[in-house]
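Data block below; observations after.
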Amino acid sequence: MASERTLVLVKPDGVRRGLTGEVLRRIEAKGYRPVALELREATPELLAEHYAEHQGKPFYDPLVEFMLSGPVVAMVLEGERCIEGFRSLAGATDPTTAAPGSIRGDLGRDWGEKVQQNLVHGSDSPESAAREIGLWFPNLG
Ligand code: IDP
Ligand code: MG
């Protein structure tokens, strides 16, 4: 299997809670290599494209509001099967039921908000990864 790239975000809850280092520790311990990494503020335009598949869903507006509530750490990871591998490190979408041992399972929980604050985003397929890397890091060769 050839090396591939994936887009990972530490969402505003993760940055706010000081968990960026813990997320990175797990990524590096797994053996994936960051090839780009930046602390930045998302914009409504960027998020509309990033979350295009979710437009119209009940959690879409709270999701965008949450993602604009503070800076995110955006990064591109590289490694064999890292798209699938990071999704496995992240755990299931719902942090309350995500498996212990995963980022969301160990560090996340339900806070009674409309949107699941689940610490990280990871691309879910090679097509999503290419599209999302192009959105967040247009200058990456
Ligand atoms: P993923 O991040 O595990 O790929 P997606 O289904 O792509 O999950 O959803 C994007 C994000 O939207 C989730 O990470 C979570 O923050 C939020 N979300 C997804 N489904 C729900 C829901 O049913 N209620 C509230 N928030 C949700
Ligand atoms: Mg998704």
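The values are calculated or read from the model by the stated rules, or taken from the named source; none is laboratory data. None of these values were measured; they are calculated from a predicted model. No Cβ is skipped: glycine too gets one built from the backbone with ideal geometry, and neighbour counts run over all protein chains shown. The accessibility values were calculated without ligands, DNA or RNA, using every heavy atom of the protein model including side chains. Shrake-Rupley method; radii C 1.70, N 1.55, O 1.52, S 1.80 Å.
Per residue, how big is the convex hull of segment 1-77 when only Cα atoms are used? Give it in Å³.
Each residue corresponds to 111 Å³ of Cα convex hull volume.
Relative contact order, percent, of segment 95-141 when contacts are C-alpha pairs under 8 Å separated by at least 6 residues?
Relative contact order for segment 95-141 comes out at 23 percent.
Give the shape of segment 31-115 as rounded, prolate or oblate, defined through the alpha-carbon gyration tensor: a ≥ b ≥ c are the square roots of its eigenvalues, a/c under 1.5 means rounded, and otherwise the shape is prolate if a/b is larger than b/c and oblate if not.
It comes out oblate by the Cα gyration axes.
Taking the Cα centroid of segment 23-66 and of segment 93-141, what is the distance between the two, rounded to the nearest whole Å?
7
Take every DSSP beta bridge with both residues inside the chain and express the antiparallel ones as a percent of the total, to the nearest 5.
95
Which residue, chosen from GLY112, SER102, SER123, occupies the Cα position most advanced towards the positive end of the dipole of the chain, where the dipole is computed from +1 (Lys, Arg) and -1 (Asp, Glu) charges on Cβ about the Cα centre?
Farthest towards the positive end: SER102.
At 1.4 Å probe size, with every protein chain present, just tell me what the per residue accessible area of segment 67-129 comes to in Å².
Here the per-residue accessible area is 45 Å².
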